[in-house]
Amino acid sequence: MELAKPERGVPLATQLVDQIRTLIHTGEWAVGQRIPGEIELAASLGISRNSVREALRSLVHAGLLDSRPGDGTYVVAHSEIEAALRRQVHIERAHEVFEVRSLLEQRGARLAAQHATEADIRAMRQSLAARDAADTDGAFVAHDVVFHQKMVRSGKNALLSRLYDDLDALAAHVGSIVSKAHGPHRFRDENADLIDKHHELLAAIESRKPELAEAIAEEIVMEAEHRYSSENRGVQ
């Protein structure tokens, strides 16, 4: 999707806000990406820089963009929900991320066991295989996050998936901090039994056992929280 020239009858800044928000929500403008500057946007759309500036300022206020003087404007969250969570949650309150994630993930695992298709199960299995084969802790965490997202999405509840994706962005941030604190591969080596639990979770989903899948999902998140709390106090 490309930015379209504005239509008459609707404020230009409002139209641009809606278009940019859609690009961010769909991932076409990814978190961490620098977006085109005011001059480029104004020229490509045939509107004034003032309208562009107003639109960007609105999205910065919403928490989707971050304007960095001398550098540019960057996407920092893929939804307003994620932006609000980022403002509220800090590393020292990471237990709150784990608690809410546990609630969402338990329900997601139950729904996955009830509704996941064969294609969903194959996709989850591929994510676990990629995670287990990862040669860095950063890649390991990234593939692990994808597995959990695929699991929740396979439950076919769009709202739950959206909420989980927004929260999981914070959980991934916590996970990356934990892995950096441990050093190369130590993070994975010390969590071998927890890693195996993910394969048990997938087996429960594939066997269509909702209660078991829900219980394993809760166990995974609770154990992850316990290890984070006991091993990474003071990590910033």
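Among the residues of the range 24-55, those that are without any contact (Cβ under 8 Å) to a residue 40 or more places away in the chain, within 13 Å of residue 72 (Cβ to Cβ) and either aromatic (Phe, Trp, Tyr) or in a helix (DSSP H, G or I) (or both) comprise 38, 39, 40, 41.
Scanning the range 1-39 for residues that are loosely packed, with under 14 Cβ neighbours inside 10 Å, over 21 Å from residue 69 (Cα atoms), at pLDDT 85 or above and over 26 Å from the mean Cα position of the chain (by Cα) yields one hit, 11.
Test of understanding: among 106, 114, 149, which residue is of a type outside the set (Lys, Arg), assigned to a helix (DSSP H, G or I) and surrounded by fewer than 18 Cβ atoms within 10 Å (Cβ to Cβ)?
Working: 106 fails: surrounded by fewer than 18 Cβ atoms within 10 Å (Cβ to Cβ); 149 fails: surrounded by fewer than 18 Cβ atoms within 10 Å (Cβ to Cβ).
Result of the check over 106, 114, 149: 114.
At pLDDT below 95, out of contact with any strand residue (DSSP E or B) (no Cβ under 8 Å at 6 or more places or on another chain) and in a loop (DSSP other than H, G, I, E, B): is that true of residue 78 in this structure? Considered against the rule, which asks whether it is at pLDDT below 95, out of contact with any strand residue (DSSP E or B) (no Cβ under 8 Å at 6 or more places or on another chain) and in a loop (DSSP other than H, G, I, E, B), residue 78 comes out as yes.
The values are calculated or read from the model by the stated rules, or taken from the named source; none is laboratory data. Here the structure is a predicted model, which is why all the values come from computation and not from measurement. Every residue, glycine as well, gets a Cβ built from its backbone with ideal geometry; the counts of neighbours run over all protein chains shown.
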